[in-house]
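Written out below as structure tokens is the structure these notes cover.
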Amino acid sequence: MSWEMMAVFIGSTIRLAAPLLLSATGELVSQRAGVLNMSLEGMMLTGAFAGALASWYTGNPLIGLLFGTLAALPVALLQAFFSITLKANQIVTGIGINILALGATTLAYREIFGSRSSEAIPGLSKWSPPVLRDIPLWGDQVFDQVWLLYLGGLIILLTALVMHRTALGLALHACGAEPRAVDKSGLSVARLRYLAVLFSGLMAGLAGCFISIGDIHTFTEGMTSGAGYLAIAAIIFGNWKLGRMVLACLLFGAAAALKFFLPAIGIQVPNALLIMLPYVLALIAVAGLIGRQTAPGSLAQPYSRS
Amino acid sequence: MSLSFLQRVPQPLLRPLIPLTAVLIALLFGVALVAATGASVSEALGAFAEGAWGSPYAIAASINRSLVFALVGIGFVLAERARLINVGGEGQIAVGGIAATAVSLYGGVADLPLGLAFILPLLAAALAGGLWGGLPGVLKVKAGTNEVISTLMLSFIGIWLLYWCVQSSALLRQPMSNSGTLPESLEIPSSTMLPFFFGDPSMPLHVGLPAVLVIGPLVALVLWRTLFGMHLRSVGLNQQAAHRAGMPIARTLILAMFIAGALGGLAGGFMLQGEQYSLKAGFSSGFGFDGLVVGLLARGSIAGVFAGALLFGFLRSGGIYMEMVAQVPSALVLVVQGVIILTLAAVTLINRRGEAV
Amino acid sequence: MEHSASAMHQSQQHAAKAGQPWLQLESIGKRFGSFQALQDVALQIRPGEIQCLLGENGAGKSTLCNLIFGVHEPTAGQMLLDGGVYQPQGPADAFAQGIAMVHQHFSLVSDLSVVDNLLLGQAHGFLRRGAMADRVARLAEQYGLQLDPHALISTLSVGERQRVEIVKCLMREPRLLVLDEPTAVLLPDEIDALLRVCRRVAAQGCSVLLVTHKLAEIKQVADRVTVLRGGRIVAHSEHPADELDALVQAMIQHAPDSPAPPAAAASRSTRLQDEVLQVDGLGVTDVQGVTRLDNFTLVLNRGEIIGVAGVEGNGQSELASVLSGMSSPSRGRFFINGEELSGASPQAVTRAGVGVVPEDRHATGCITDLSLAENIFLNRLHEFQRWGCLDRAAMRAAASELMRRFDVRAASVDSRFGGLSGGNQQKAVLARELTLRNLTCLIASQPTRGLDVGAVQAVYGHIRAARDQGVGVLLISSELDELLTVADRIVVLYRGRIMGSCPAQPDQRARIGAMMAGQTP
């Protein structure tokens, strides 16, 4: 096993982890504020499709990115409206939206693209930071990534900053832990939760765009194939902490990258097992086998002043 | 949105009215979508009808599918009574299919008399599904784990387990003669296939039908007339009071999840032995989630499960045919389903003030 | 609206000189539906004073505080602040006009720090934790509150959490601080610390309205005392230290227009020597380390009714919970007919012959969505099991019989339990518990709470009938009159400890009342 192979592996890990990182960050903020946003998958798919569509139509991937990100917002608004205002069951709502999004994007795709199913779409270009890319042997492999990833990294850092050091982040934290305290302090729980869900929609849109116009440069039906649920698994495995969640996403990305890596070094492991691994890890975490789980106290519980 | 007038409608009338309205709204939406895509509505609807109930074959296929949804839905309703939400139908079907395939092909049952050839694999399927559902039950009792998350994770694990089984020659994959050999299992022996109800291959309705027609009312019986059912409902309504009254909480919860999972596993067995005859990748392909939706639609009633299962069974068949003939993508059906779920989720609020569901 | 300390002080000194009360309540009434919670209440709060509001549970103290704090609006009378009309539209309004309240239930976020909790809703943009920590330190200095600004709430004791709530209030520089039963959850030295804080707060010009039922506190800090009973002011004292006994009497005495309790039943069964319930040093410490029950020792004999008196919140709930098998004691043991049952399951307790009428019927006593018959047999459904199924016909017949015997009024045995009136529900619960096959002991908590006169009498009748048949009854009630009517002996719980015991006779009333308020006899 050469350094080069290792570099390819690390690069693939990062690439495959990217959409998870983006969507999981948004979902973490939402869950921290108390809303379990199961429609992550649907939002990502919507973003992926809208981004691909706009990019193909205008020939400009940047417009695609913008459009894709914004397209996820109405879906997030729907989830927010149902979960926060109507106080409906958040899991049912999420699953419903996912099915709807799958159907709608597939339908729209067939309508618009028809039989031109694998037409190449103008995609986002890659970029690598100046010094790091020149590291011999593996600088190129590891650091030459779609520039959206680096933007995503920046957003994650900003999110961490906001969540831990600003009044907004404090309020969001409190919404998920003890919404009554937030209400008593004069802030609006509903408004804060709406904000959190919309943010998760934004990030999910970005994640979807990463998949369609960032990585693969095409759109296929249902192309997110469970990434949204995987992001939720990453949050669970990371025990709702941003740092640990990032590690979990990288871990899951590595598991996906192993699919190509292991055969290259002569080890045969069934693909399915590798794909299954993240879910097994999340299950182990949620069973409390790796330490106590501390989910936000008010997760998935609508708040009403009583 | 003041819908308080609904509170004056007599209860037995109100109950099915809500899901019916939701379905109607969604269907209208679907028809509107068909028109929007520029396809001929009459052609699309005609194809849909043809595929759903246009021939004895179609009807049989639709009902066969309904059976799968019904079982998952019944399991969901049972667990829901104990306030447990089982979203793991997909995985339970998958492991049920795996178990049924394994026993049919390699369990030495092909020559057994008295129908044991097809009954034993079904039992294996139910057992596998039961374990797949019981595990989240145990986790809930021992670690307080939210069963929505654990059943969801196990669902994906089950799906990928199935992939592994059909892709590995060491497991269930048919012997690979060349690299083009499809990743699926051998076809199960004919003795393990479910006999047809009418004995007629052109109407391939299998004996799963009477089975489900028995299981549904049986579960209702268990819920409303047995001690276990009493325990289950009490735990769901007020766990503290049930505890004070000496009811076995842990045992009830685990058993409820086991049964729900077993029904899902059995559904997988029906799919394998009644329709597909070999285990392929994508075996469960959304049936589990559809069954979940049927369970949600039913709002606690077994009769509601049957109605919803039939609806979805015919929707699916019609959708497939509609795609083949009228070129309207079957994804339309997904859209209709999504709208149904969301409409229902929104409408639950109104009912909350009327009755305790 | 922030007042600077000096401006506040000035206006209050001015008011003090003029002898004017700062907050005035005149003929205040509050009605909830058909229930009159407060009637004709007059209250005055002077600047810089500590006034105690004394009364039992249900007397209306919390309602009065909520009116002052703007949670509700009065249905009669008016409130005046500094001479002008005071009509707060909500707590935010009250805060803005200088009134702050510390509730019994805190609204703190456990996984955040003290500073973060204080910043919630007050900060904008970047959090200036250092500045807030300094502010906390200064307030701590000013009022004598010990608090670590960066500690996580989850690591704080209940007393420390209360301090955070107090600091939250003091930060807004209030002119009146209302404390609703603050010492219920505190350890003795924490109570002293709190009272010291109250004195400091008052000394700096902010008035304190302290709601309590404990005489010790009144003795220590009260400048004036007002006694509330049944929604009315029944006493007021400008020199509480000298008039403590009279105050206690006022707290527990009947309001003039409620009927005198019916004479105690003449017949008493001869007491047999069999001990039904033995409790030995029972202690309960909750998850936050607060001792709720301490060294509770008691012997209950057959055919005897022992009443456990005390204002609610002094350990009664914990006692009942342990004895019914719903929780395990932290220390000590108890025996039923010689069999140890400490930490046993509710099922085992029931099998041992213990009937339980719980304090909160809807929480643990019944399942409102099930039918009357199902609830009556909730803990012995298996007796009606035939081949796994329930023999519903037999159940209905048996339930009808019990319905008749216990006079439970309902449309039928299949009626939804939640649709029955409170009185009938309680009769059904009694029907269930009193017909246990091997019943030897009945534990009844607040059994007549919320019931009408007829139902109350029916409950007493059933309890007495059980006693007459040799059942030992432990009657936990915060209604002293009830215990004097029904019980043979009374023990008094105060802060989880038995203050004393005496026969349940009317001439013991004063003594019992004093014990209920924390006075050792």
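Here are the numbers for the structure shown:
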| read-out | value |
| --- | --- |
| Sparse-neighbourhood loop sites, trypsin sites (Lys or Arg not before Pro) in the range C:425-474 - DSSP loop, at most 14 other Cβ within 10 angstrom | C:ARG437 |
| 0 to 90° range, to nearest 10: angle between helix C:392-405 axis and chain C longest Cα axis | 70 |
| Cβ-based exposure ranking for C:ASP286, C:ASP369, C:ASP180, in which fewest neighbours within 10 Å come first | C:ASP286, C:ASP369, C:ASP180 |
| Highest-fluctuation residue, A:SER12, A:SER185, A:SER225 considered, GNM on chain A with Cα pairs under 10 Å | A:SER185 |
| Which listed pairs, of C:LYS168/C:LYS219; A:LYS184/C:LYS61; A:LYS87/A:LYS184, have C-alpha distances above 23 Å, in listed order | C:LYS168/C:LYS219 |
| Quotient of C-alpha Rg and 2.2 N^0.38 Å, computed over the range C:31-91 | 1.16 |
| Fewest-first sequence of C:ARG405, C:ARG331 by Cβ atoms within 10 Å of each Cβ | C:ARG405, C:ARG331 |
| Chain A: angle of helix A:3-32 to the longest principal axis, Cα-based, in degrees nearest 10 | 20 |
| Whole-number D in µm²/s for the range B:174-293 (Stokes-Einstein; Kirkwood sum over Cα pairs; 25 °C, 0.890 mPa s) | 141 |
| Gained length - C:GLN146 relative to C:GLU401, 0.36 nm times residue gap less alpha-carbon distance | 85.5 nm |
| Cα-centre dipole for the range B:28-113 with unit charges at Cβ (Lys and Arg positive, Asp and Glu negative), debye to 20 | 280 |
| The range B:28-149 - Debye-derived log10 I(q)/I(0), Cα point model, q = 0.09, 0.12, 0.16 Å⁻¹ | -0.45, -0.71, -0.92 |
| Rg [Å, one decimal], Dmax [Å, integer] - the protein assembly as shown, C-alpha atoms | 34.4, 106 |
| Chain lengthening between A:ARG305 and A:LEU289 when straightened (0.36 nm per residue, less Cα-Cα) | 2.2 nm |
| Using a Förster distance of 25 Å, the FRET efficiency for B:ALA250-B:SER168 (Cβ separation, nearest 0.05) | 0.10 |
| Burial order of peptide ranges B:163-170, B:230-237 (average beta-carbon count within 10 Å, highest first) | B:230-237, B:163-170 |
| Residues whose placed amide H lies under 5 Å from that of B:PHE198, excluding near-sequence neighbours | B:LEU205 |
| Phi-based couplings in Hz for the range B:153-158 (Karplus 6.51, -1.76, 1.60; Gly and Pro marked x) | 4, 5, 4, 5, 4, x |
| Point-charge dipole on Cβ atoms (K/R +1, D/E -1) for the protein assembly as shown, about Cα centre, debye to 20 | 700 |
| Inter-site label distance for B:SER191 and C:SER154 at 7 Å from Cα along Cβ, in nm | 6.0 |
| Tilt relative to chain C, helix C:158-170 - C-alpha long axis, 0 to 90 degrees, to 10 | 40 |
| Ratio of the Cα radius of gyration of the range A:130-273 to 2.2 N^0.38 Å, where N counts its residues | 1.29 |
| For A:225-231, mean number of other protein chain Cβ atoms within 10 Å | 1 |
| Kirkwood-type radius of the range A:26-86, with distances r between different C-alpha atoms, in Å | 12.1 |
| Ratio of Rg to Rh over chain B (Cα coordinates, Kirkwood Rh, two decimals) | 0.99 |
| Over 26 Å (Cα to Cα) - which of B:LYS140/B:LYS280; B:LYS140/C:LYS427; A:LYS241/B:LYS142; A:LYS259/B:LYS280; A:LYS259/B:LYS140 fall in this group | B:LYS140/B:LYS280; B:LYS140/C:LYS427; A:LYS259/B:LYS140 |
| Dipole-positive endmost among B:ALA245, A:LEU21, A:ALA174 within the protein assembly as shown (Cβ charges, Cα centre) | B:ALA245 |
| Sorted largest first, extent of the range B:205-357 alpha carbons per principal axis (Å) | 60, 39, 25 |
| Residue order, fewest to most surrounding Cβ atoms within 10 angstrom, among B:SER301, C:SER113, C:SER207 | B:SER301, C:SER113, C:SER207 |
| For chain A, radius of gyration divided by Kirkwood radius, i.e. Rg to Rh on alpha-carbons | 0.98 |
| Mean residue ellipticity (222 nm) of chain A, computed from DSSP H runs ≥ 4 via -39,500 (n - 2.57), nearest 500 | -22500 deg cm²/dmol |
| Cα convex hull of the range C:307-437 - mean projected area over all directions, nm² | 9.3 |
| Helical mean residue ellipticity (222 nm; -39500 (n - 2.57) per DSSP H run of 4+; nearest 500) of chain C | -9500 deg cm²/dmol |
| Cα point-scatterer Debye curve for chain C, base-10 log of I(q)/I(0) at q = 0.10, 0.13 Å⁻¹ | -0.88, -1.28 |
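Only the coordinates and a few stated rules stand behind these numbers; no lab work does. Given the structure is predicted, the values throughout are model-derived calculations rather than measurements. No Cβ is skipped: glycine too gets one built from the backbone with ideal geometry, and neighbour counts run over all protein chains shown.
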